[in-house]
1. Give, as residue ranges, the strands (runs of 3 or more DSSP E) completely inside segment 170-277 that count at least 3 residues that are in contact with a helix residue (DSSP H, G or I) (Cβ under 6 Å, 6 or more places away or on another chain).
2. Restricting the search to segment 47-74, which residues are small (Gly, Ala, Ser) and surrounded by fewer than 14 Cβ atoms within 10 Å (Cβ to Cβ)?
3. Restricting to segment 116-136, count the residues that are part of a helix (DSSP H, G or I), within 21 Å of Ile200 (Cα to Cα) and hydroxyl-bearing (Ser, Thr, Tyr).
4. Looking only at segment 159-189, count how many residues are more than 16 Å from ligand 2 (Cβ to nearest atom) and modelled with pLDDT under 90.
5. Please go through (1) more than 16 Å from ligand 3 (Cβ to nearest atom); (2) touching a helix residue (DSSP H, G or I) at 6+ places or on another chain (Cβ under 9 Å) for Asn116 and return the number of the only condition it doesn't satisfy.
6. Taking Ala188 as the residue in question, decide whether it is closer than 25 Å to Glu235 by Cβ, more than 15 Å from ligand 4 (Cβ to nearest atom) and either surrounded by fewer than 18 Cβ atoms within 10 Å (Cβ to Cβ) or under 17 Å from the mean Cα position of the chain (by Cα) (or both).
7. Looking at (1) surrounded by fewer than 20 Cβ atoms within 10 Å (Cβ to Cβ); (2) assigned to a helix (DSSP H, G or I), which is the only condition Gly139 fails?
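The values are calculated or read from the model by the stated rules, or taken from the named source; none is laboratory data. Everything quoted here is computed from the prediction, not taken from an experiment. Neighbour counts are summed over all protein chains in view; Cβ atoms, including those assigned to glycine, are modelled from backbone coordinates with ideal geometry.
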Amino acid sequence: ESKAKKSPWIVYNTALEIDQSETLTLISDLKEAIQQDQLLLYIQPKIDVKTRRALGGEALIRWVHPEKGMIFPDQFIPFAEQTGIISDITNWMLLRACQVLAGFRKQGLDITLAVNLSTRDLNNMELPEQIAHLLSSHGLDAKALKLEITEGSLMQDPERAELVVKKLAAMGLHLAIDDFGTGYSSLAYLRQLPVQELKIDRSFVMFMDKNSGDASIVKSTIDLAHNLGLIVVAEGIENEFVLNQLARLGCNEGQGYFIGKPMPEKDFSVWLQRWEG
Ligand code: C2E
Ligand code: CA
Ligand code: CA
Ligand code: CA
């Protein structure tokens with residue numbers, strides 16, 4: 001049994017604005033949030049770094065709490081994970097993502113959306129079948145949906161997670177390793193998994209125009225990933241200089257405030273029309 005399972009009330013992040021007494025209330029609130037339509041799917045755009053063409057986006061959750069207002073995922077995903085509510089959240093996000101994708105397909109827009117999975121999702125042997133059902137009921141092919149997994153989420157029960165990942169890959173889903181560089185696993189380990197994409201964590205990208213150490217890490221990660229046949233995505237692009245720097249380094253895709261902040265579906269449609277690729 002993992003440490004996280006033994007002490008479900010301990011929230012990892014000390015920067016949380018919500019204290020532990022509030023946590024208990026929030027957990028019961030969160031259960032209601034799904035039924036009461038308080039969750040929102042936001043989309044952050046992704047582009048081709050070289051051509052600047054819009055490719056799609058990453059689906060990010062937002063919770064509009066009736067009293068506290070907008071709550072960001074870092075404040076509830078950790079305990080949603082610990083209490084198991086995450087499965088309901090993931091299912092909700094996958095359903096919404098499929099609805100959004102089906103809407104864009106109708107307009108003839110061939111974009112993709114990426115959904116974040118967490119540890120529990122990767123230990124859920126039924127997930128691949130649930131996703132297959134969602135895709136087919138929305139008339140989508142597997143290529144439309146991308147799934148982002150972190151190194152950490154693979155580590156809890158690696159054998160089980162690998163099985164789920166392999167099933168998802170066999171269905172034709174595009175898998176990405178998220179937050180690369182912040183975990184303990186190596187590319188050598190990840191190479192064994194059927195993933196297509198590597199997302200370099202934003203902490204290495206955000207200041208790469210000012211910090212040559214960060215720039216070196218980004219450069220060597222891109223080279224290594226390419227040698228393994230992986231697509232590289234940089235997140236946390238906050239200015240055009242970094243975007244150009246990444247283009248020179250051969251980075252494939254990019255995401256960040258310079259390109260677009262996470263936004264509601266409607267605003268994303270407008271962004272798609274206005275973005276000059
Ligand atoms: P992530 O998967 O690494 O998502 C990217 C985060 O970076 C987002 O924060 C996004 O707003 C932020 N970001 C993007 N570009 C920039 C930039 O240029 N500068 C800076 N400073 N930040 C940028 P967000 O939306 O608050 O999400 C935080 C984390 O919460 C996500 O990190 C992800 O791990 C988790 N998360 C969000 N939605 C979901 C979800 O539906 N399911 C699960 N399991 N986790 C989620
Ligand atoms: Ca992500
Ligand atoms: Ca990330
Ligand atoms: Ca993250």
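1. On the way: elements: 174-180, 197-200, 231-235, 253-255.
Per the criteria, 231-235.
2. So the first thing to find is which residues in segment 47-74 are small (Gly, Ala, Ser), and the list is 54, 56-57, 59, 69.
The one that is small (Gly, Ala, Ser) and surrounded by fewer than 14 Cβ atoms within 10 Å (Cβ to Cβ): Gly69.
3. Just the residues of segment 116-136 that are part of a helix (DSSP H, G or I), to begin with: 119-122, 127-136.
Now restrict to residues that are within 21 Å of Ile200 (Cα to Cα): 119, 122.
From what's left, hydroxyl-bearing (Ser, Thr, Tyr): 119.
Counting residues in segment 116-136 that are part of a helix (DSSP H, G or I), within 21 Å of Ile200 (Cα to Cα) and hydroxyl-bearing (Ser, Thr, Tyr) gives 1.
4. 6
5. Just one mismatch for Asn116, condition (1).
6. Numbers: closer than 25 Å to Glu235 by Cβ: yes; more than 15 Å from ligand 4 (Cβ to nearest atom): yes; either surrounded by fewer than 18 Cβ atoms within 10 Å (Cβ to Cβ) or under 17 Å from the mean Cα position of the chain (by Cα) (or both): yes.
Criteria met by Ala188.
7. Against the list (1) surrounded by fewer than 20 Cβ atoms within 10 Å (Cβ to Cβ); (2) assigned to a helix (DSSP H, G or I), Gly139 comes up short only on (2).
Conditions (1) under 20 Å from Lys46 (Cα atoms); (2) in contact (Cβ under 8 Å) with a residue 40 or more places away in the chain, marked per residue:
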| residue | (1), (2) |
| --- | --- |
| Met171 | no, yes |
| Asp178 | yes, yes |
| Leu187 | no, yes |
| Leu190 | no, no |
| Pro194 | no, no |
| Asn211 | no, no |
